[in-house]
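Participant: Starting off with a structure, shown below.
Readers should treat all values here as calculations from the given coordinates under stated rules, not as data from a laboratory. This structure is a prediction, so every number in the text was calculated from the model and none was measured. Positions of Cβ are backbone-derived with ideal geometry, glycine not excepted, and every protein chain shown enters the neighbour counts.
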Amino acid sequence: MQKVEAIIRPEKLQVVKTALEELDHSGMTLTEVRGHGVQRGVTEQWRGRSFAVEYLTKIKVELVVGDGDVQAVVDRIVEAARTGEVGDGKIFVSPVGQAVRIRTGDRDEAAI
């Protein structure tokens, strides 16, 4: 099992969600996060004044998938979330040692 964490633009959430549902991976956890990468924030205009927004709002999508599904999930997220502009996000994949479904006690692959 692998945990896939994708940091994406908020406006791409629905597209990514739909793409993952097409792969039968509808279970996910979403978190609104703030940060910056290469772009180091942006300058915004409001009521004629400029101000710097250092940390940008993004969405973190987390899901645990079987080892055989990892590449398809990562490829689908990249395809759905890409705009070609700086700030499209990142994907991190890490191993999961154990998963337990609290309601039933199912473990590992059966729990996801």
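Participant: Which one, ALA6, SER94, VAL38, projects farthest toward the positive side of the charge dipole computed for the chain from Cβ point charges (K/R +1, D/E -1)?
Facilitator: Most positive-ward Cα: VAL38.
Participant: Find out how many positive minus negative residues lie around GLU54, taking Lys and Arg as positive, Asp and Glu as negative, among other residues whose Cβ is under 15 Å from that of GLU54.
Facilitator: +2
Participant: Counting only C-alpha contacts under 8 Å and six or more residues apart, can you give the relative contact order of segment 2-111 as a whole percent?
Facilitator: Reported relative contact order: 41 percent.
Participant: Calculate for the chain the 222 nm mean residue ellipticity that helices alone would give, adding -39,500 (n - 2.57) per DSSP H run of length 4 or more and normalising by residue count, nearest 500 deg cm²/dmol.
Facilitator: Dividing the helical sum by the residues of the chain leaves -6000 deg cm²/dmol.
Participant: Using the beta-carbon distance between LEU23 and TYR55 and R0 = 25 Å, what value does 1/(1 + (r/R0)^6) give for FRET efficiency, to the nearest 0.05?
Facilitator: 0.20
Participant: I would also like to ask the following. For segment 2-111, with the dipole built from +1 on Lys and Arg beta-carbon atoms and -1 on Asp and Glu ones, taken about the Cα centre, which of GLY105, VAL70, ILE59 lies farthest toward the positive end?
Facilitator: Sorting the options by dipole projection puts first ILE59.
Participant: Please give the contour-minus-distance gain from ILE91 to ALA72: 0.36 nm per residue of separation, less the Cα-Cα distance, rounded to one decimal in nm.
Facilitator: The ILE91-ALA72 span can extend by a further 5.5 nm.
Participant: Please state the shape class of segment 2-111: rounded when a/c is under 1.5, otherwise prolate if a/b exceeds b/c and oblate if not, all from the C-alpha gyration tensor.
Facilitator: prolate
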